Number of protein chains: 2
Amino acid sequence: MPSLNRQVRVVTRPTGIPQAEHFKIVQEPGPAVGEGQILVHNHFVSVDPAMRGWLADVANYAVNSKGHASGAIQIGGVMRAMAVGEISGSRHPRYRPGDFVTGWFGWQDYCATDPRAVVQRVPPTELPLSLWLGVLGLNGVTAYLGLSILGNLQAGQTVIVSTAAGSVGATVGQLAKLQGCRTVGIAGGPVKTRLCVEEFGYDAAIDYKADNFAAALAEAVPEGANLYFDNTAGIISDALRNHMAIGGRIIICGTASVANWDPTPIGPRSERYILTRRLTVCGFIAFDHADQWGEAVENLLPLVRQGKLRYREEILDGIEQAPDAVAGLYRGENLGKRVIRL
Amino acid sequence: MPSLNRQVRVVTRPTGIPQAEHFKIVQEPGPAVGEGQILVHNHFVSVDPAMRGWLADVANYAVNSKGHASGAIQIGGVMRAMAVGEISGSRHPRYRPGDFVTGWFGWQDYCATDPRAVVQRVPPTELPLSLWLGVLGLNGVTAYLGLSILGNLQAGQTVIVSTAAGSVGATVGQLAKLQGCRTVGIAGGPVKTRLCVEEFGYDAAIDYKADNFAAALAEAVPEGANLYFDNTAGIISDALRNHMAIGGRIIICGTASVANWDPTPIGPRSERYILTRRLTVCGFIAFDHADQWGEAVENLLPLVRQGKLRYREEILDGIEQAPDAVAGLYRGENLGKRVIRL
């Protein structure tokens with residue numbers, strides 16, 4: 001049993017984006033491993049935009065379509081998070097100390113849990129362990145499954161991606177490119193748009209913060225986009241209104257650009273735009289497709305190893321970085337998948 | 001050649017809903033039939049909510065996905081309309097005088113046209129000719145194809161329909177019921193909601209104009225709706241926000257409740273609602289599926305004959321009724337498919 005366990009707990013429920021003040025760091029005795037449980041020693045914990053939704057006191061992302069409702073996070077509890085770590089103790093026959101796993105282990109050093117919290121076993125590779133939280137974890141799997149289940153892509157089509165330099169977005173852009181599509185990334189600021197083109201191979205990248213955003217968008221997709229992989233919603237999506245091809249598809253995977261959904265913010269109505277362009281707009285949450293997670297990783301892993309699928313990480317050091325880390329995502333300060341090394 | 005042809009022409013382009021003042025009735029010599037053309041003597045002409053869109057000076061309904069762009073109606077021209085009539089002259093080998101056809105013959109007595117304007121041949125039946133503009137025409141075909149192409153219905157599911165007593169809506173409700181679904185209709189006022197239940201067999205009908213609309217909706221769909229067949233958009237659709245089942249589908253087929261789309265009106269943003277409920281929202285326009293029109297009619301015709309598919313018509317007498325007839329639809333004054341007998 002570890003002697004001490006540092007935890008990031010939720011102190012108050014945020015309205016909108018979680019800030020440092022909504023959390024506190026506590027130290028408690030390390031957990032005991034119950035019968036049938038495993039003890040995971042977290043090496044890296046994830047920081048995800050979706051944490052805003054998990055903290056909201058309403059039905060959200062973490063409630064999956066098969067009814068495995070995790071519900072809103074309880075006040076006073078450890079912050080829900082994906083983590084990757086080593087099994088340091090086991091009272092379960094199928095898990096051995098020394099094995100590495102990812103799962104719902106929370107923002108803490110140690111997690112004693114039923115193995116149902118495990119998302120995947122991490123095979124031994126030469127790759128950094130942190131990738132199993134990013135390009136080989138939730139972000140990469142979201143991109144892969146979103147495209148394969150809903151994208152219906154054909155070579156030669158045009159794909160627009162918002163948060164194009166982010167962990168999900170960059171993977172979407174590269175996978176679409178590998179399928180022979182023309183890819184256009186939308187990102188905030190010149191550093192990210194340059195990254196889109198130079199690192200992630202987008203055919204064009206557009207800065208939504210620039211004055212010429214609307215004109216640049218019109219120039220980048222003269223024939224209209226067949227797929228818009230939307231991680232932002234809000235005014236970025238509004239701008240795409242006149243740039244979807246007839247019969248195009250929109251996959252809504254995140255709503256990062258809208259700070260607060262309670263009460264529901266207003267914006268241009270979309271019904272007639274969906275009708276006249278015969279669009280299909282779908283919500284997509286990777287957790288609904290847990291049975292395809294393994295297939296996604298099997299396809300992503302060789303691409304990462306061969307250097308065909310590039311990624312960026314931003315590794316913060318120490319659990320004390322956690323409380324402000326989600327707010328930082330929404331400030332757009334990270335370049336690459338944000339993880340915390342414990 | 002007929003000696004006189006009365007026509008309803010478009011005088012000015014409406015902003016929003018077309019009113020009587022946007023049209024004028026003129027009388028001109030009957031048209032000559034050119035080589036390869038047919039001359040159709042219209043018996044009934046149709047009045048459709050979609051006419052608002054056809055008159056708008058922007059991409060609209062009548063531009064289909066295969067690029068057969070009809071575009072906006074030209075000012076000074078005859079109002080575009082579906083009509084059913086008898087061929088009274090033909091210089092085309094495949095059409096004979098005495099045949100009945102439906103097609104894009106316009107609000108006028110006679111139309112000399114290339115046969116490409118024909119939508120379907122009307123087989124001889126005991127049924128009223130006007131039905132080929134309603135339950136056996138655009139409205140019925142829209143309902144049938146919308147459900148069969150995008151509905152993905154299974155017995156036991158719950159289906160909500162807006163403009164539930166209208167020509168499209170009533171057909172959707174009955175077809176869904178025939179497939180074993182529970183059907184809930186939304187309509188305006190007690191006369192229409194009673195019609196929904198007594199005539200069209202909805203399991204429940206809700207008056208969106210009533211004070212208890214929200215509560216009645218919650219009571220009618222306690223488990224959430226699997227399909228919302230939306231003919232209205234706007235505040236009726238907003239009210240459904242919390243009543244769609246996870247993984248539900250919304251077919252947007254019309255936007256009748258929103259008077260003007262230029263500039264785009266504002267309303268509650270839908271992105272997060274689509275995401276968290278994993279909805280699929282699709283625009284549907286029957287003209288995109290012209291190749292399936294025949295199949296639709298083959299399925300609808302026996303249902304109408306056997307009395308399994310009921311319909312209501314409102315027949316206005318005389319071409320002088322036409323100019324105000326579209327505005328009347330938006331005032332909600334009709335009970336049943338509105339057609340004009342010439």
Packing-based ranking, highest mean first, of B:170-182, B:111-123, B:251-263 given that Cβ atoms within 10 Å are counted: B:170-182, B:251-263, B:111-123
Cβ-Cβ FRET estimate between B:Asn212 and B:Val191, R0 fixed at 22 Å, reported to 0.05: 0.80
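For segment B:112-235, what is the Kirkwood estimate of the hydrodynamic radius, computed as the reciprocal of the mean inverse distance between distinct Cα atoms, to one decimal in Å?
15.4
In whole Å and largest first, what semi-axes does the C-alpha gyration tensor of segment A:181-285 yield when each eigenvalue is scaled by 5 and square-rooted?
Values: eigenvalues 93, 61, 34 Å².
Three semi-axes, in Å: 22, 17, 13.
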Relative contact order of segment B:137-262, defined on C-alpha pairs under 8 angstrom at six or more residues apart (%): 23
Environment charge at B:Thr15 (Cβ cut-off 14 Å; Lys +1, Arg +1, Asp -1, Glu -1): -1
Relative pair counts by distance (%), Cα atoms of the protein assembly as shown, 20 Å bins: 17, 43, 28, 10, 1, 0
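Rounded to the nearest 5, what % of DSSP beta bridges with both residues in chain A are antiparallel?
In chain A, DSSP labels about 55 percent of beta bridges as antiparallel.
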Mean-position separation - Cα centroids, segment B:200-252 and segment B:86-119, in angstrom: 41
Cβ-derived FRET efficiency at R0 30 Å, A:Ser3 paired with A:Glu320, nearest 0.05: 0.95
For A:Thr125, label point 7 Å along C-beta direction: distances to other copies, nm: 6.1
Calculated log₁₀ intensity ratio I(q)/I(0) where the Debye formula runs over C-alpha points of segment B:23-172, q = 0.09, 0.17 Å⁻¹: -0.34, -1.09
Counted charge near A:Val258, where neighbours are those whose Cβ lies closer than 9 Å (Asp, Glu -1; Lys, Arg +1): +1
Value of Rg/Rh across segment A:141-203 [Cα atoms, Kirkwood radius]: 0.95
Environment charge of A:Ile87, counting only residues whose C-beta is closer than 9 Å and scoring Lys/Arg +1, Asp/Glu -1: -1
log₁₀ of I(q)/I(0) at q = 0.08, 0.16 Å⁻¹ - chain A, Debye sum with one point per alpha carbon: -0.38, -1.44
Share antiparallel - DSSP beta bridges, the protein assembly as shown, percent rounded to 5: 55
Gyration tensor verdict on segment A:289-342 (Cα atoms; rounded if a/c is under 1.5, prolate if a/b is larger than b/c, oblate otherwise): prolate
Unit charges at the beta carbon, dipole of chain B: most positive-side option, B:Asn212, B:Thr232, B:Ala176: B:Ala176
Shortest-first nm distances, B:Arg96 label point to equivalent points in other copies (7 Å, Cα→Cβ): 8.6
Spatial extent of segment B:226-342: Rg and Dmax, with the Cα atoms as the point set, Å: 17.8, 51
Cα-based reach from B:Lys308 at 19 Å (exclusive), listing aspartates and glutamates while leaving out same-chain residues under 8 positions away: B:Glu126, B:Glu198, B:Glu199, B:Asp203, B:Glu295, B:Glu298
Rg followed by Dmax, in Å, when segment A:108-162 is reduced to its Cα trace: 15.8, 49
Chains B and A, summed buried accessible surface - 1.4 Å probe, Å², nearest 100: 3300
Taking segment B:265-342 and dividing mean pair separation by its residue count, relative contact order in percent (alpha carbons under 8 Å, at least six apart): 26
Alpha carbon centroid spacing (whole Å) that separates segment B:268-288 from segment A:1-41: 38
For A:Val119, distant residues with modelled amide H under 5 Å away: A:Thr102, A:Gly103, A:Trp104
Relative contact order computed over chain A (Cα-Cα under 8 Å; 6+ residues apart), in percent: 19
For segment A:181-242: rounded, prolate or oblate by the Cα gyration tensor [a/c cutoff 1.5]: rounded
Taking the convex hull of Cα positions in segment A:262-321, its mean projected area over all directions (nm²): 9.1
5 angstrom amide H check on B:Glu313, placed H, neighbours 5+ away: B:Lys337
Label distances, nm, B:Asp57 versus same residue in remaining copies, Cβ-directed 7 Å point: 5.1
Stokes-Einstein diffusion coefficient of segment B:5-49, Kirkwood radius over Cα pairs, 4 °C, 1.567 mPa s, in µm²/s: 99
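The values are calculated or read from the model by the stated rules, or taken from the named source; none is laboratory data. Everything numeric here is computed off the predicted structure, so don't read it as measured data. Reconstructed Cβ throughout: ideal geometry from the backbone, glycine too, with neighbour counts over all protein chains shown. For the accessible areas, the whole protein counts, side chains as well, though only heavy atoms, and no ligand, DNA or RNA atoms are used. Shrake-Rupley method; radii C 1.70, N 1.55, O 1.52, S 1.80 Å.
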